[in-house]
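Read-outs: derived from the displayed coordinates by stated rules, not from any lab. Model, not experiment: these values are computed from the prediction. Reconstructed Cβ throughout: ideal geometry from the backbone, glycine too, with neighbour counts over all protein chains shown.
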Amino acid sequence: MSDRVIDNPIINSPYGRPTRHFAFDRDGITDRIEEQRRPSSFFIPVPQPRKRGQQLELQVFTEDDIKPNKQVNDVRERVDAWREAGWPNVTPVTRRLLEYWSDPERDNKILFCQREAVETAIFLAEGATKWQGSWINNDLDAHNAEHNNGLPRAALKMATGTGKTVVMAMLIAWHTINKVHARYDKTFAKRFLVVTPGLTIRDRLRVLLPEDPGNYYRERDLVPAEFVDDLGQAKIVITNFHAFQLRETRFGRNATGNTKALVAPGRPDPFRETPAQMVSRVLRELGGSSEIVVFNDEAHHCYRGRAGEPEPDADTVENLRGDERKEAADRAEDAKIWFSGLEAVRAKVGIKRVYDLSATPFFLAGSGYREGTLFPWVVSDFSLIDAIEAGIVKIPRVPVDDDRVANRVTYLNLWQEIRDALPKGGRRSNQDFTPADLPGALTAALHSLYGSYVSAFEAWEKSEAAAHGQPPPVFIVVCSNTTISKAVYEWIGGYDREQAGHLLPTAGQLPLFSNVADGQWLHRQRTILVDAAEFESGSLSPEFRRTAAREIAEFKQEYAERFPGRSADDIGDAELMREVMNTVGKPGKLGEPVRCVVSVSMLTEGWDANTVTHILGVRAFGTQLLCEQVVGRGLRRRSYVADENGMFTPEYADVYGVPFQFIPTVAVSRELPMKPVRNVRAEPDRDAAKLEITFPRVVGYHLEIPDVPLVGDFRDQDLKMILSRQDLPTKTMVAGQVGEEDVHGLERLKRLRGQFVAYRLASEVLKRKLLTGDGDLRPWYFPQVLQIAQQWLRRCVELRDDQAVGLILLREAEAVEKVSQSITWQGGRRERWVLPVLRTTDPVGTTSSVDFRTTREVWPTDPRRCQVNLVTLDGKDGNAWERAVAQAIESLPEDQVGAYVRNDHLDFFIPYEHAGRSRKFYPDFLVRLADTGDEITRTLIVEVSGGRKSQSEASQKSWAARNLWVQAVNNSGRFGRWSFCELRDPTTAKRDLRPAIDALFALQGAAALTDAVPAEEELV
């Protein structure tokens, strides 16, 4: 690699489709940017040290080694086209979810890589057949027949730190809610099995359970309010694959060895479960008998070894040697248990789909396939380099040069420098290996990387994160065996030294990590040792237990909630140690004070601390898969605050001893303030009987037309339309570098006569707006509608810049809306005949259901006036408009206003149409007036409009609110009396609200409008 440094590797938005990437050449990655998305490719580049002459253990990948993933790229192209077309051929539930997840105004935005993975899965199930994608499912079936014995697997490849758990939650919500709304649709399921490679990940995935207090559906706002109750019907079992092992039956546990010895060879073992019995045990909590959906987390552990002869150049377990052979044999056995367990599940209950999620869905050494071969059933890919270029993960930095007089970079391939001086066996080998025996190159690497940590720690101490109680950065060491890890742990954290028959606490070599200070063990450990042996022994110090008594008590209570029927007093040290490890970097938890973790293998996956800044590898890294897994522990970002350009700022993880890097950079992290997360909710201690506001959930309108002549009413200024060259050009000049020029125009449309345009508009109004309740046409109305359309053209359309009436058809949907809105009839008002169409399920909403988290600015409400504790404020620094209106409402006397609420996560909206498309209008506030004793509930809808909001649709929204929603709900007679008020100047909100309130008290509608639009900064 040439001496190239990329100042800022982040060149794409985390929330949009990537549009740029850094190019590769024969020396690796360059600083040249290609203006298109990076194709999915089969490569994992490794840095080439600047010192020449040293053969790396791992290959350096360049452009010559990049091979496109054709299947992924082809699928991506179809999904992109499907997305751009508005996700056609999906259920209404699916469309609502997709729109909700992709809403650019979301408070808790979903990363594009998460949406793309989910969209791909949805496309395969709902859209592929009708959107030129049938071949995808056919190819998947073929791949699964060859490699998975027909298990219906589809793999979603996502880099570590990009949010695979969120994707699982979104897919569970999509399946469950669709199944609830269409119980006989075989596409969907509401029973799920989540399989993990170990206890750490199993515990972490509890956020997928809707009943869990920290569930992602609520934390990440993944489900619209109207579907929250539906989600409760999901049945989810989360287990590690070890549960697929056949266990002894109750009879077998009670049988003696002699009894078991009587079983004839080759006969079924009556003392051990059958596969069907195992499935019944694992799925006991699911109940039912329908097919289930399976999620394989870290799915690279689940594969079927190649049948027959291995691929050319592929390793089998038998032709590997030493530790590699043992590791490959263990992996193969685990994969066999996992895969055969899924086959047993399919045989007993059926599997609708298996979703594989992994950052590294590759075949491993010993599988019979070439190591690093991508699973053929991968359909979606967001690679680590994609994630780095979008700023979604930290950027790993490795040594590329040093001042040692040698041919190789010492701390890049550290293992080559130290392996001969380290013991080969673990702690059980009883080798006498102490901290003093650690080789100099290893201790020097520790000191060097620690020096960088000190700088990061000092920066943290001065940061807003520390001021807000956020934990310190974390340093992790991954060792090859338990003997080495114990020595490294004691060298870093300290140990008891025997002297004259006494044990003297001896401080570690790195002060910020030492568990000993001033000759005494610290009450809260800064460095912990994590490995399988430690989990078995559960050696937590009495001091740690005593100091962390409150946290331990909380964990025991949480344990009792997670496992009903078990005693919290039975929790062993292993569970507590696992809890400490799982909560490193989490405020208020057992692992909060930990700064250094020394591990053997437990950190290779499933550990999701986002505070890791430094990683040291003290083991061999023979595969890029292992490199990415270990480095992945340091990839999760600490801050997801976007900068002024809507981009994430770079965060870095410094890595020694792991020969792995994507992008060379020497830049430093720029801290952005971490936004506090606030819980907006209906407070249980506030008087719900007095403050609760209920509302109908209207999804459409039914227009009952009396059998009387139709006429046009053109007095509303919103019915006007102006045509000018500001809308669209009417002439376009084209030319090449040589040759003749040409002019393109709209002459065909210009030649259309007004009669033709009126006929076209009347026809569309009849088809779109005046159908019967059964959806049939009313052809007898056509002559009257045609006459109204002609009148609208004459009275409401203004032609400027020599525009022609035929050009109206370029804005046909808008024109149809305006003609429709002008229609009324003789002898009565149109509004009397509008009725609401309510949502079939959960037709009435309430403020009591509000409960969500936000990073937006907020304003606390008066507990006597609002059931919800906070008013959320839009805009970058919190919009003063909403605050000003909330203050105005609270300042009104109690004999006028009984309660109010900001319309956020209420799921209160007003349906309307604009430009031919159905849309939803979410007004800002609901205000329930004081009780007058006449048993009529009066509610005022308040919208804060004006200069800060787009005016393009404002008139259509307000028209629909006044003339459709309010009139329809009032006509139904079931929800009290409603009115609509639009405010354009928050500084006069109190004054402008009063006439609307007075009119509503008098059971009349009102709209308060002012024209002054002050600058927002005037309100701050």
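Before moving on, here are some points about what is shown:
- For the residue pairs 157/957; 164/348; 586/920; 109/769; 352/920, alpha carbon separations beyond 30 Å are given by 157/957; 586/920; 109/769; 352/920.
- The range 133-194: relative contact order as a whole-number percent, Cα under 8 Å and 6+ apart: 18
- Packing-based ranking, highest mean first, of 348-358, 282-292, 495-505 given that Cβ atoms within 10 Å are counted: 348-358, 282-292, 495-505
- Sequence ranges 809-822, 684-697, ranked by mean other-Cβ count within 10 angstrom, highest first: 809-822, 684-697
- Euclidean distance between Cα centres, the range 750-806 to the range 332-406, Å: 59
- Cβ crowding within 10 Å averaged over residues, with 370-379, 432-441 ranked highest first: 370-379, 432-441
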